[in-house]
Amino acid sequence: MQISTIFKRLIVIGGPLLLGIVEIWHDVPLPFDGEGDLGPFTQYRLLAQVVDQWILIHVVQVPLFAIVAFGIILMVKGLNGFIPVIARVGMFVFIVFYTVMDAVNGIAVGILVKDAKELSPSARIIVEQSIESLWNSSVVGGFSVIGALGWVIGVFAAAVSLRRAGAPRFPVAMIILAAFLFGFSHSNPFGPIGMLLLSASFLWLECFHRGVPNLSLIHI
């Protein structure tokens, strides 16, 4: 087996698996205070308890998003027609817009929360307001929606392309379900389940697609 083929399989199968594992920790605890009272549900209160983990996860996510998207592109490599083109364009849109959203709502907000913890209560209130404004920004929200739509449309188009090329129904259905789960949310539990389905479906196709003449998955 050629090294390039092994590398492609690591991207296509290992990329979603690794991202899914990372997303298991993409969660935040409820904002209980020191006396056990709940709330308020501000982003500062939610993230202050896990801010280092939050920043690390979103730093790691940036390259993993790109790797998973590249894996989708590899899956439709060699397939002709308009639908595989939609899959490639969708992945490009996903990488560009979702990365911006991740950088702002993940890394930038995380850094602001981390810095705010060191401030006096009066100064922290001002930073908390800035965090809320940034988190609820319509611009960042628009990037998130466009990126998620790019993901759903692109992965759905890839699934349709693979099915038309002769892929079995069950792994194709898994890819479609992964598209909608991860498109809805990449945090736990939707993100891990979606990526597990995606990795498992690609593994299925790679191991059991033999004999399907129109299907060229991750081979050179």
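The values are calculated or read from the model by the stated rules, or taken from the named source; none is laboratory data. Worth saying up front: this structure is predicted, and the values here are computed from it rather than measured. Virtual Cβ from ideal backbone geometry, glycine too; neighbours counted across all protein chains shown. For accessibility, only protein heavy atoms count, side chains too; no ligands or nucleic acids. Shrake-Rupley method; radii C 1.70, N 1.55, O 1.52, S 1.80 Å.
Residues considered: 144, 161, 130. Of these, the only one that is over 30 Å from residue 85 (Cβ atoms) and of a type outside the set (Asp, Glu) is 130. Return a yes/no flag: does region 89-103 have any residue that is in contact with a Ser or Thr (Cβ under 7 Å, 6 or more places away or on another chain), open to solvent by 30 Å² or more (accessible area, probe 1.4 Å) and not aliphatic (A, V, I, L, M). Checked against the condition, which is being in contact with a Ser or Thr (Cβ under 7 Å, 6 or more places away or on another chain), open to solvent by 30 Å² or more (accessible area, probe 1.4 Å) and not aliphatic (A, V, I, L, M), region 89-103 yields no hits at all.
Does residue 161 satisfy the condition of being surrounded by 20 or more Cβ atoms within 10 Å (Cβ to Cβ) and polar (S, T, N, Q)? Criteria met by residue 161. Could you check region 115-126 and list, in sequence order, the residues that are assigned to a helix (DSSP H, G or I) and either at pLDDT below 90 or open to solvent by 90 Å² or more (accessible area, probe 1.4 Å) (or both)? Residues satisfying the conditions are 121, 122, 123, 124, 125, 126.
Does residue 68 meet the test of being under 21 Å from residue 195 (Cβ atoms) and touching a residue at least 40 places away in the same chain (Cβ under 8 Å)?
In short, yes.
Does at least one position in region 78-88 carry a residue that is touching a Leu at 6+ places or on another chain (Cβ under 8 Å) and surrounded by 18 or more Cβ atoms within 10 Å (Cβ to Cβ)? The answer is yes, given that some residue of region 78-88 is touching a Leu at 6+ places or on another chain (Cβ under 8 Å) and surrounded by 18 or more Cβ atoms within 10 Å (Cβ to Cβ). For residue 201, the criteria (1) modelled with pLDDT of 90 or more; (2) open to solvent by 10 Å² or more (accessible area, probe 1.4 Å) hold in every case but one, which is (2).
Just one of 176, 131 is in contact with a helix residue (DSSP H, G or I) (Cβ under 6 Å, 6 or more places away or on another chain) and either surrounded by fewer than 17 Cβ atoms within 10 Å (Cβ to Cβ) or without any contact (Cβ under 8 Å) to a residue 40 or more places away in the chain (or both); which is it? That would be 176, the only listed residue that is in contact with a helix residue (DSSP H, G or I) (Cβ under 6 Å, 6 or more places away or on another chain) and either surrounded by fewer than 17 Cβ atoms within 10 Å (Cβ to Cβ) or without any contact (Cβ under 8 Å) to a residue 40 or more places away in the chain (or both). Residues in region 61-76: is at least one assigned to a loop (DSSP other than H, G, I, E, B) and open to solvent by less than 60 Å² (accessible area, probe 1.4 Å)? Yes, region 61-76 contains a residue that is assigned to a loop (DSSP other than H, G, I, E, B) and open to solvent by less than 60 Å² (accessible area, probe 1.4 Å).
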